[in-house]
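*Asks:* Pasting a structure here, questions to come.
The values are calculated or read from the model by the stated rules, or taken from the named source; none is laboratory data. Predicted model, so just to flag it, every value in this text is computed and none were measured. Ideal geometry is used to build each Cβ from the backbone, glycine not excepted, and the neighbour counts take in all protein chains shown.
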Amino acid sequence: MTRGDGTTFEKQVLEASERLAGIAERTPLQRNARLSAATGTEVWFKREDLQVGRSYKLRGAYNLISQLDDEARAAGVVCASAGNHAQGFAFACAAHRVPGRVVIPSTTPRQKRERIVALGGEMIELVVAGDTYDEASAAASRWSEETGATLVPAFDDTRTVAGQATVVAEIVEQLGAAPDTIVVPVGGGGLLAGTATWLQATHPRTRVVGVEPAGARNVAAALHAGTPVVLEDEGFDRFVDGAAVRKAGAVTYPMIRRAGAEVVAVDEGLVCTEMLALYQTDGIIAEPAGALAGAAIRPDGPGLDLVPGETVVVVLSGGNNDVSRYAEVIERSLRFQGLKHYFLVEFPQEPGALRRFLALRRFLDEVLGPDDDVTRFEYVKKDNRESGPALVGVEIGSRADLEPLLERMARSPLQIEALEPGSAGFRFLV
């Protein structure tokens, strides 16, 4: 791939590396004992969660803004972001003294909003528009057209892509050779496009795998359709906010297709399970998008058929996790592992029934197993009914405990209805 002036993509990445020297952190490449043992391979983490702004996104934003002339800088810059790109953008604006406008979706966590303002200071105006990245992106594009401000895309510009590709160039330098496999997270596809294109030109034997959240598979949809398409609202999951993009980029999609990169998906619950493992075992705080790549190589993941003993590099892309989200992270992880279930249990409502705990005691003694635990109980008494349902959350000790639990429920005289994940009742109550 070459630029309009004939410059190859490899040269663009080299130039980006030179611009970022002394600005971007040369983040560590660390062997991960947990995933190495689990996969029988040599797994290395590229710790971009330790980058300025706690994400690799600084690399692309800074590389683009560095190339603007004085007239463009005076007109200002604008970007749309779920949070990480905006932090790199804000840092670059402050460093170059260029006024910038950041448009974020309403789903952007408070922690990321605060970091954007802290990094950009007086050079940044923060604006909320829409509920998704794509809605924020449309608002940023309109602002660019109306004011003449330069749009700094999170992924869909070759200057952004070249900056993000400095991650893989750095990995090869640190490792002393190209890895056998590299696994990267995918939102709009900037990092995957840059990684796959650079490796295709310099180390074509390296396997490149991009990982999307199951609820936001925009690159897979584009590859299937032969062109970028907009994902429908139904089934779209915004939980992995750093990768919840509805449409692959017009620039990144062709690069990914030409380079022949693989694209897989992981369930959001598995992402949460990997987030917890990173925190509890490795001492690493990762946001959902930051745990995407690691989740893909887990034994309970999509199955990448890794070769025993091969070198695998996982890009740990972001560490901007809001601590208030951990309750949902734990919940999603337990549900993914099959350890958390919800039921509607019908209890009598005559005066004093629950106070005497007769029906509740029967549920606890006759239905629950020794390792089962009630983690949620919600009951609202309605005087005009003889009985009423209680929402009961049950955490079991292992997947194998579910079938015996359901059998005991079937034998019980109590009326018990399981709430199936994805059902209207489940989504409303949980």
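*Asks:* How many of the residues making up the stretch 251-291 are within 13 Å of Pro185 (Cβ to Cβ) and outside any helix (DSSP H, G or I)?
*Replies:* Residues flagged as within 13 Å of Pro185 (Cβ to Cβ) and outside any helix (DSSP H, G or I) within the stretch 251-291 amount to 8.
*Asks:* Working carefully through the options Glu18, Glu71, Glu10, find the one that is under 15 Å from Glu170 (Cβ atoms) and without any contact (Cβ under 8 Å) to a residue 40 or more places away in the chain.
*Replies:* Glu18
*Asks:* Still on this structure, I have one more. Mind listing whichever residues of the stretch 40-58 are over 22 Å from Ala138 (Cα atoms), modelled with pLDDT of 95 or more and not hydroxyl-bearing (Ser, Thr, Tyr)?
*Replies:* Correct list: Gly40, Glu42, Val43, Trp44, Phe45, Lys46, Arg47, Glu48, Asp49, Leu50, Gln51.
*Asks:* Residues to consider are Ala74, Ala61, Ala21; find the one that is at pLDDT 95 or above, of a type in the set (A, V, I, L, M), surrounded by fewer than 23 Cβ atoms within 10 Å (Cβ to Cβ) and closer than 27 Å to Pro105 by Cα. Before the answer, list the steps.
*Replies:* Values: Ala61 fails: surrounded by fewer than 23 Cβ atoms within 10 Å (Cβ to Cβ); Ala21 fails: closer than 27 Å to Pro105 by Cα.
Result: Ala74 is the single residue among Ala74, Ala61, Ala21 that is at pLDDT 95 or above, of a type in the set (A, V, I, L, M), surrounded by fewer than 23 Cβ atoms within 10 Å (Cβ to Cβ) and closer than 27 Å to Pro105 by Cα.
*Asks:* Restricting attention to the stretch 168-176, does a residue exist that is polar (S, T, N, Q) and not in a helix (DSSP H, G or I)?
*Replies:* Restricting attention to the stretch 168-176, the residues satisfying the condition of being polar (S, T, N, Q) are 174.
Now narrow it down to the ones that are not in a helix (DSSP H, G or I): none.
No.
*Asks:* Any residue in the stretch 77-84 that is free of Cβ contacts under 8 Å to residues at least 40 places away in the same chain, more than 19 Å from the chain's Cα centre (by Cα) and farther than 29 Å from Tyr279 by Cα?
*Replies:* There is no residue in the stretch 77-84 that is free of Cβ contacts under 8 Å to residues at least 40 places away in the same chain, more than 19 Å from the chain's Cα centre (by Cα) and farther than 29 Å from Tyr279 by Cα.
*Asks:* Within the stretch 81-102, does at least one residue satisfy the condition of being surrounded by 24 or more Cβ atoms within 10 Å (Cβ to Cβ), in a strand (DSSP E or B), in contact with a helix residue (DSSP H, G or I) (Cβ under 7 Å, 6 or more places away or on another chain) and at pLDDT below 95?
*Replies:* no
*Asks:* Kindly list the number of the only condition in (1) without any contact (Cβ under 8 Å) to a residue 40 or more places away in the chain; (2) within 20 Å of the chain's Cα centre (by Cα) that fails for Phe91.
*Replies:* Single failed check for Phe91: (2).
*Asks:* Further question on the same structure: Taking the condition of being of a type in the set (Lys, Arg) and without any contact (Cβ under 8 Å) to a residue 60 or more places away in the chain, how many residues in the stretch 215-259 meet it?
*Replies:* Summing the residues that are of a type in the set (Lys, Arg) and without any contact (Cβ under 8 Å) to a residue 60 or more places away in the chain in the stretch 215-259 gives 2.
*Asks:* I've got another one for you. Would you check which residues across the stretch 184-210 are outside any helix (DSSP H, G or I) and not hydrophobic (A, V, I, L, M, F, W, C) and list them?
*Replies:* Pro185, Gly187, Gly188, Gly189, His203, Pro204, Arg205, Thr206, Arg207, Gly210
*Asks:* So, Ala295, is that one hydrophobic (A, V, I, L, M, F, W, C), modelled with pLDDT of 95 or more and in contact with a Lys or Arg (Cβ under 8 Å, 6 or more places away or on another chain) or not?
*Replies:* No.
*Asks:* Looking only at the stretch 402-422, which residues are part of a helix (DSSP H, G or I) and either touching a Gly at 6+ places or on another chain (Cβ under 8 Å) or among the hydroxyl-bearing types (Ser, Thr, Tyr) (or both)?
*Replies:* Leu402, Pro404, Leu405, Arg408
The rows are residues; the columns are (1) surrounded by fewer than 23 Cβ atoms within 10 Å (Cβ to Cβ); (2) within 20 Å of the chain's Cα centre (by Cα).
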residue: Trp143; (1), (2): yes, no
residue: Thr147; (1), (2): yes, no
residue: Ala154; (1), (2): no, yes
residue: Glu170; (1), (2): yes, no
residue: Gln174; (1), (2): yes, no
residue: Pro179; (1), (2): no, no
residue: Val186; (1), (2): no, yes
residue: Gly194; (1), (2): no, yes
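*Asks:* Let me ask another. Does the stretch 190-205 contain at least one residue that is more than 20 Å from Thr7 (Cβ to Cβ), of a type in the set (Val, Ile, Thr) and at pLDDT 95 or above?
*Replies:* no
Table: residues versus (1) of a type outside the set (Val, Ile, Thr); (2) touching a strand residue (DSSP E or B) at 6+ places or on another chain (Cβ under 8 Å); (3) surrounded by fewer than 24 Cβ atoms within 10 Å (Cβ to Cβ); (4) assigned by TED's automatic domain parsing to the domain that holds Thr108.
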residue	(1), (2), (3), (4)
Ala216	yes, no, no, no
Gly226	yes, no, yes, no
Arg238	yes, no, yes, no
Val263	no, yes, yes, no
Val266	no, yes, no, no
Val271	no, yes, no, no
Glu274	yes, no, no, no
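*Asks:* Still on this structure: Scan the stretch 196-214 for residues that are buried (at least 18 other Cβ atoms within 10 Å of the Cβ) and in contact (Cβ under 8 Å) with a residue 60 or more places away in the chain and report the count.
*Replies:* 9
*Asks:* Looking only at the stretch 106-136, which residues are closer than 21 Å to Lys247 by Cβ, modelled with pLDDT of 90 or more and crowded, with 17+ Cβ neighbours inside 10 Å?
*Replies:* Correct list: Ala129, Gly130, Ala136.
*Asks:* Here's a follow-up. Give the residue, chosen from Leu278, Leu292, Leu316, that is on the phi < 0 side of the Ramachandran plot, buried (at least 24 other Cβ atoms within 10 Å of the Cβ) and free of Cβ contacts under 8 Å to residues at least 40 places away in the same chain.
*Replies:* Leu278
*Asks:* Also, quick follow-up: Across the stretch 142-183, what is the number of residues that are small (Gly, Ala, Ser) and in contact with a strand residue (DSSP E or B) (Cβ under 6 Å, 6 or more places away or on another chain)? Walk me through it before giving the result.
*Replies:* Filtering the stretch 142-183 down to residues small (Gly, Ala, Ser) leaves 144, 148-149, 154, 162-163, 165, 169, 176-178.
Now drop any that are not in contact with a strand residue (DSSP E or B) (Cβ under 6 Å, 6 or more places away or on another chain), which leaves 144, 149.
Result for the stretch 142-183: 2.
*Asks:* Let me ask you something else. Could you check how many residues of the stretch 241-280 are at pLDDT below 95 and under 15 Å from the mean Cα position of the chain (by Cα)?
*Replies:* Total meeting the criteria: 6.
*Asks:* Given the structure, is Gly226 at positive phi and either of a type outside the set (Ser, Thr, Tyr) or at pLDDT 95 or above (or both)?
*Replies:* On the way: at positive phi: yes; either of a type outside the set (Ser, Thr, Tyr) or at pLDDT 95 or above (or both): yes.
Answer is yes for this residue.
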